[in-house]
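The values are calculated or read from the model by the stated rules, or taken from the named source; none is laboratory data. The structure displayed is predicted, hence computed values, not measured ones. Neighbour counts are summed over all protein chains in view; Cβ atoms, including those assigned to glycine, are modelled from backbone coordinates with ideal geometry.
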Amino acid sequence: MKIYDAVIVGAGVIGCAAARTLAQTNLSILVIEKEPDTGFGISSKNSGVVHSGIHYTPGTNRAVCNVRGNQMMEDLCSELCVPFKRTGKITVAFTEEQTQSLTKLLEQGKANGVPGIRLIDREKMEKLQPGIVGTTAIYTPSTGIVSPYELTIALAESAYANGVEFKFNHTVRSIDIPDRQKKYFLLHTETNTFSAKVIINAAGLGSADIARMAGIDEYTLYPCRGEYYVLDKRLKEALNLLIYPVPGAHDSGLGIHLTNTVDGNILIGPSNEYIIDDEDTATTIDIMETLREEGHHLLPSLSSTDFIRSFAGIRPKLAPPEEGGFRDFVIESRRDVRGFINLIGIESPGLTASPAIAEQVKELVGQLLPLRDRKDFIQGRPVIHNTPFLKKRFSDCSHDEKKTLISQNPDYGSIVCRCEEITLAEIKTAAARTIGPVTFAGIKYRTRAMMGRCQGGFCLQRLTEILRESFGITVDTQTLKGPGTELFTGPLRPSSCPLGKES
Amino acid sequence: MNLSDQEKHIVEELTCIVCPKSCVLRVEKDKISGAITAIHNANCQRGTAWVTQELLHPTRSVCSSVLVENGTEPLTGVRTNQPVSRDDVFKVMEAIKSCRISAPIAIGEIVLENPGGVPCRVIATRSVDLTLFAAD
Amino acid sequence: MDKKIEFAVAVIGAGPAGLAAAAGAAGAGAKSVVVIDRDNRAGGILNQCIHDGFGLHRYNESLSGPEYAEREKQVLLNYETAGKITILSETFVQDLIPESYGFPLAVMSTGSFRIIRAATVILAMGCRERTAGAISLPGTRPAGILTAGTAQRLMNIQNINVGRRAVIIGSGDIGLIMARRLTLEGAEVAAVTDIQPYPGGLDRNVRQCLHDFNIPLLLSTGVVKVHGNKRVEGITVAQLDSKNRLNLQTSTYIPCDTILLSVGLIPEHELARSAGAALDPATQGPVVDQHLMTTVPGLFACGNVLQVHDLVDFVSEEAEYAGACAAEMALNQFRSTGRVIQSGNTILPIKVGSNLRYVLPHTISKPGRVTLSMRVTAPEINFRVCVARLEKSDNRILLTKTFTRVSPSEMLRFAFNCDTVEPLEVYGESF
């Protein structure tokens, strides 16, 4: 059996960032993921905000990794061709109490080293976002937005191209820790067993369970759901930068806010609701109504037809409901279980912090195994499965650029998703570059097909054809997001029908 | 309506489907024999004829699709060339489901005669050309 | 850039509206008409509507969708042979930005991208279905949730079966038709629900698609939650109270593996909006005058992109007229002046009066025969529609049409001989 230097449990943004950072060294690495693709958990269900780092106590992992991650994000995204935009953010006070909190946030932000942070008055607020309500605010120019799924996918692709192995649709069921007889960890899934010198637990909502499998039972995660609305691109111009309210001391999130996405939609959300089942990503009537009201309040030009989709993400919170607020991220190398590295409770600002957490992981691994940096590390967004990455989206091209692209590759002339203007060339590229099995959700996150206002009404049937004809995926095995999510029940008329008419 | 009428008759309201006007016809039927005793609100003779048939011997066109071999599309649409008894709809469907034809198909082409023993023809409603590529 | 006008009329879309618009334009004398369609087969949505009931008005026959499309295509064939109509299939219009001299249209297809220029343009792109997101469907997002029209295409064109036990949300015509289609194929339709107290589709479809198969129609019923993380496992529905709020005490769980949505259609108005045409919030389609010209001179609209129809026969009729008007404008005004301006000097609005959700056209600019289409806000019996002068006076009513029954699911459509050009109001009332 192959013994991996490191096995990472979880292919979310944290696991993939760690994988990529470790891929720069001599280590052999395996990532085990229960879903069929990267980033299908919380990494794809959040605001996509690259936070500045004003909200967390100085010196904590949260604060340090947030500010450091924010610094690293722009270069990382530029190297990996991931959409990133430094929009800036206004945190607005509406009440006297909130105004006092602003001062505290300002000091905290300065202590954390947030660049350019300052208090702004009404006039400046109005200049940044005409029509904004509130009297005073903190402005953090370093806040940005990123495509959370693209980032996760890009990190995984980079890791994969540099030799990291991935096992999708594998759920870790138990872990044997090293003892006198054997020097290595054994990770058991339903069908396989993998050996590792080091385990990096980046299992998100499942990270407390994974720790427990290694005999570490001090962590409990409390799932806390956040519901969002996605708004039509028509409102693209309505929001210049991110606008947040000042959070209360015991709030479990940062309050319902408006967020631009790098794709031109606006998000409203998230709500905060502790729930029992950490897989319950259902949206609820009451919260959606609150979000709609809040949306109309924050964005008066909103019409009822602008709500194109709702979704929910779940925060893996270490703070129980009765405590509220935030506890610090757990980033630790266990002394009691040597070789076991825990990354637990990585909720917001985990996306922002991911590259910084990955650096810390590398340092912790370096204390356990000898590390040498590789000279042959492939930089940038690599070629995957002989398929190069398409740097520019067709929809972002000018007429002349489109003409050139179509003349180079005729598939660019065939539109598959008309709402988002995604071409056949882009769909084929996305499917070909997928590391694990190809799913509709995977295609969606890679290309934005089915994410527009018709939500797949037009392109779902074309995608079905493309996957069957170009990738040999039969209709009854096409899934939304892996086994159990088959989209269709098979052919309507199976080809075993007897011939009725002489040919 | 007097008391004895109520005892003897049942009244059913039907929305006429002959044309899109959708007249609501009130039909009185004998409670015991089921025979139609009166039709109200019928604005045309076709409506009267329809409601009589609909209550005594309802008929339906059957529309579905049939598997096509070597075609540019996997299916053609089909329908019965005339309405069949409503009770026979599933018999026709069974025959349609277990049938397969070869491209090319022209509109109006007869796909099945007397499907499932039901007196009618099943005709193609969508043309399908012969594909230039071999079937996989 | 080459500013040669290649086409008198460009029609975007080759569904029933596009086909009839092109025929209408060629019939009115246009010698160069181009029809641009994204599909590989003209006919649009008709190709997947394999049920019958089309053409009762236009052909006095009950045809299936593809047969109706074929009849319409036959009309075009002669013009095509004569070189008057060109059909570009599997071609997308990228954008449509009016210039002072005609419309440049960026069109693309596999391997090709080019600009074509037309004197006038007819929008005939039809409509799209409202989605789970648009109605804020609460609960999870598993596999097995489709719009009814997507399911129809998958089943009827692509030979793909979508599920075994379905609940259909919304009783629009496509939902009703799909309830029957699934049942005939051996699937079970557990229920059709609608938030309204009356069905959204035509009565004959309720009778033939639901009653025939004892499929329950749950009216005044909304969705509480979709269940299932992987594939749909069920749906909880509840009745709406008098304030249109869900009464959770009436919650019922219905097990199913498939949810089809038939919750309304929205005109594909994006090109109209990007071209700068004003939109009517009630129809979600462009604002048009009596010649079906939008507020952008030379840009026309017809069929479901203008207003969602329930009968294809009316789509064809409306589109033929739009085609003729566009051709007329291209042949006369455009040819002599090189530009298109709003028809007539005075553009007078038609006010939408009581009990009506919308009235088309939105404006009248000169005397003549006008076809009015409208929908009521709620079902009524013994109803009349009055066309009247806006100004209050004793003899303000110009035309009255009476109906024994009206319903929002059925468009009212009648001609009005407009011999006066002054502000009008169309309103409805029970009598």
Out of everything in segment A:129-170 that is among the hydroxyl-bearing types (Ser, Thr, Tyr), over 22 Å from residue A:389 (Cα atoms) and in contact (Cβ under 8 Å) with a residue 60 or more places away in the chain, what residue ends up being surrounded by the fewest Cβ atoms within 10 Å (Cβ to Cβ)? A:142
Quick check on segment B:19-69: of everything there that is among the small types (Gly, Ala, Ser) and surrounded by 15 or more Cβ atoms within 10 Å (Cβ to Cβ), which residue is farthest from the chain's Cα centre (by Cα)? B:42
Quick check: anything in segment C:63-85 under 30 Å from residue C:154 (Cβ atoms), within 14 Å of chain B (Cβ to nearest Cβ), surrounded by 17 or more Cβ atoms within 10 Å (Cβ to Cβ) and without any contact (Cβ under 8 Å) to a residue 12 or more places away in the chain? yes
For segment C:72-84, state whether one or more residues are assigned to a loop (DSSP other than H, G, I, E, B) and touching a helix residue (DSSP H, G or I) at 6+ places or on another chain (Cβ under 6 Å). yes
Going residue by residue through segment C:122-143, is there one that turns out to be out of contact with any helix residue (DSSP H, G or I) (no Cβ under 6 Å at 6 or more places or on another chain) and of a type in the set (Ser, Thr, Tyr)? yes
Taking the options C:14, C:23, C:8, C:30, name whichever one is in a strand (DSSP E or B), buried (at least 24 other Cβ atoms within 10 Å of the Cβ) and not aromatic (Phe, Trp, Tyr). C:8
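Go through segment A:78-193 and tell me which helices (runs of 4 or more DSSP H), entirely inside it, have 1 or more residues that are of a type in the set (Val, Ile, Thr) and under 20 Å from the mean Cα position of the chain (by Cα). Don't jump to the end; show me each part of the working.
Working: elements: A:96-112, A:122-128, A:148-161.
Output list reads A:148-161.
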Out of C:98, C:138, I need the residue that is closer than 30 Å to residue C:171 by Cβ and touching a residue at least 60 places away in the same chain (Cβ under 8 Å). Which one? C:138
Any idea how many residues of segment A:437-461 are assigned to a helix (DSSP H, G or I) and aliphatic (A, V, I, L, M)? 3
Checked segment C:44-61 for anything closer than 21 Å to residue B:67 by Cβ and in a loop (DSSP other than H, G, I, E, B); matches are C:49, C:50, C:51
Residue A:267 fails exactly one of the following numbered conditions: (1) more than 20 Å from the chain's Cα centre (by Cα); (2) within 26 Å of residue A:395 (Cβ to Cβ); (3) within 14 Å of another protein chain (Cβ to nearest Cβ); (4) among the hydrophobic types (A, V, I, L, M, F, W, C). What is the number of that condition? (1)
Failed criterion for residue A:362 (all others in (1) among the charged types (D, E, K, R); (2) touching a Phe, Trp or Tyr at 6+ places or on another chain (Cβ under 9 Å); (3) outside any loop (DSSP other than H, G, I, E, B); (4) touching a residue at least 60 places away in the same chain (Cβ under 8 Å) hold): (2)
Please work out which one of (1) surrounded by fewer than 17 Cβ atoms within 10 Å (Cβ to Cβ); (2) in contact with a Leu (Cβ under 7 Å, 6 or more places away or on another chain) is the condition residue A:389 fails and give its number. (2)
When you scan segment C:201-243, how many residues do you find that are surrounded by fewer than 17 Cβ atoms within 10 Å (Cβ to Cβ), without any contact (Cβ under 8 Å) to a residue 24 or more places away in the chain and in a helix (DSSP H, G or I)? 1
With a cut-off of at least 2 residues that are within 8 Å of chain A (Cβ to nearest Cβ), name the strands (runs of 3 or more DSSP E) lying wholly within segment C:132-195. C:145-147
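Okay, residues lined up against (1) in contact (Cβ under 8 Å) with a residue 12 or more places away in the chain; (2) not in a strand (DSSP E or B):
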position: C:369; (1), (2): yes, no
position: C:378; (1), (2): yes, yes
position: C:387; (1), (2): yes, no
position: C:391; (1), (2): yes, yes
position: C:394; (1), (2): no, yes
position: C:398; (1), (2): yes, no
position: C:405; (1), (2): yes, no
position: C:408; (1), (2): yes, yes
position: C:417; (1), (2): yes, no
Considering segment A:5-35 alone, what residues qualify as being buried (at least 24 other Cβ atoms within 10 Å of the Cβ), outside any helix (DSSP H, G or I) and of a type outside the set (D, E, K, R)? A:6, A:7, A:8, A:9, A:10, A:11, A:12, A:29, A:31, A:32
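Only one of these is in contact with a strand residue (DSSP E or B) (Cβ under 7 Å, 6 or more places away or on another chain), within 13 Å of chain C (Cβ to nearest Cβ) and assigned to a helix (DSSP H, G or I): B:54, B:73, B:94. Name it.
Numbers: B:73 fails: assigned to a helix (DSSP H, G or I); B:94 fails: in contact with a strand residue (DSSP E or B) (Cβ under 7 Å, 6 or more places away or on another chain).
It is B:54.
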Is it the case, given these coordinates, that residue C:359 is modelled with pLDDT of 95 or more and more than 14 Å from chain B (Cβ to nearest Cβ)? yes
